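Below is one structure, written out as structure tokens; comments come after it.
The numbers here are math on the coordinates, done by the rules we state, and not lab data. Treat the numbers as computed from the prediction; the structure is a model and nothing was measured. Counting neighbours? That spans all protein chains shown, and the Cβs are built from the backbone with ideal geometry, glycine included.
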Amino acid sequence: MQNVMTICNYCGCGCGVYLCVDNNRVVGSYPSRNHPISRGNLCSKGWHLHQFIHSRNRLREPLLRKNGELLPVSWDEALDVTADALHKSRERSGPDSIGVLASAKCSNEENYLLQKFTRAGLGTNNIDHCARL
Ligand code: SF4
């Protein structure tokens, strides 16, 4: 078994975590004692960080609800449907009918782009972050 040092990607704290790798599969995670941020601690998300990697329930493609059922679609179709829905909502009820939630799993740069898209693209200040949900 190998222990590979990395950074937890669940939020922006950036805790130091070791992933336990056995036969090319990540099978566990535990905190780094010497990491300057986490200093031997992880929250429950960090302790369970490894579980999503090989999960059969992991989303690998966009899903679109059709006739009440979630079905896999291409990224092009998902983006077209999303853009169309945003456009229609803005036309019908104004830009403040739309709100955007950013993610702790995004990088600073991705969250910066998201607020630009929301403010300059959609025309609303309705942008918040999942940490305040
Ligand atoms: S262990 Fe918890 S607090 Fe640390 S980076 Fe991961 S999610 Fe954030």
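Restricting the calculation to Cα atoms, the stretch 2-52 yields a radius of gyration followed by a Dmax of 10.1, 30 Å. For the chain, DSSP calls about 85 percent of its internal beta bridges antiparallel. A straight chain from residue 4 to residue 131 at 0.36 nm per residue would run longer than the Cα-Cα distance by 42.9 nm.
Amide hydrogen proximity for residue 28: with H placed 1.01 Å from N in the peptide plane, the residues at 5 or more positions away or on another chain lying under 5 Å are 20. Each Cα pair under 8 Å and six or more residues apart adds its sequence gap; the mean of these over the residue count of the chain is a relative contact order of 15 percent. A simple charge model with +1 on the Cβ of Lys and Arg, -1 on the Cβ of Asp and Glu and nothing else charged puts the dipole of the chain at about 460 debye relative to its Cα centre. Rounded to 0.05, the FRET efficiency of the residue 64 and residue 86 pair, given R0 = 22 Å and the Cβ-Cβ distance, is 0.90. Report note on the peptides 52-59, 78-85: ranked by the mean count of other C-beta atoms within 10 Å, highest first, their order is 78-85, 52-59. For the chain, the number of Lys pairs separated by eight or more positions or lying on different chains, with C-alpha atoms closer than 28 Å, is 4. Full extension of the chain between residue 27 and residue 55 yields a length gain of 9.0 nm, computed as 0.36 nm times the residue separation minus the alpha carbon distance. Note that the stretch 9-126 carries a Kirkwood radius of 17.6 Å, evaluated over its alpha carbons pair by pair. The phi torsions of the stretch 68-83, fed into the Karplus equation with coefficients 6.51, -1.76 and 1.60 and a -60° offset, translate into couplings of x, 10, 7, 10, x, 9, 6, 4, 4, 5, 4, 5, 4, 5, 5, 4 Hz, rounded to whole numbers, with Gly and Pro shown as x.
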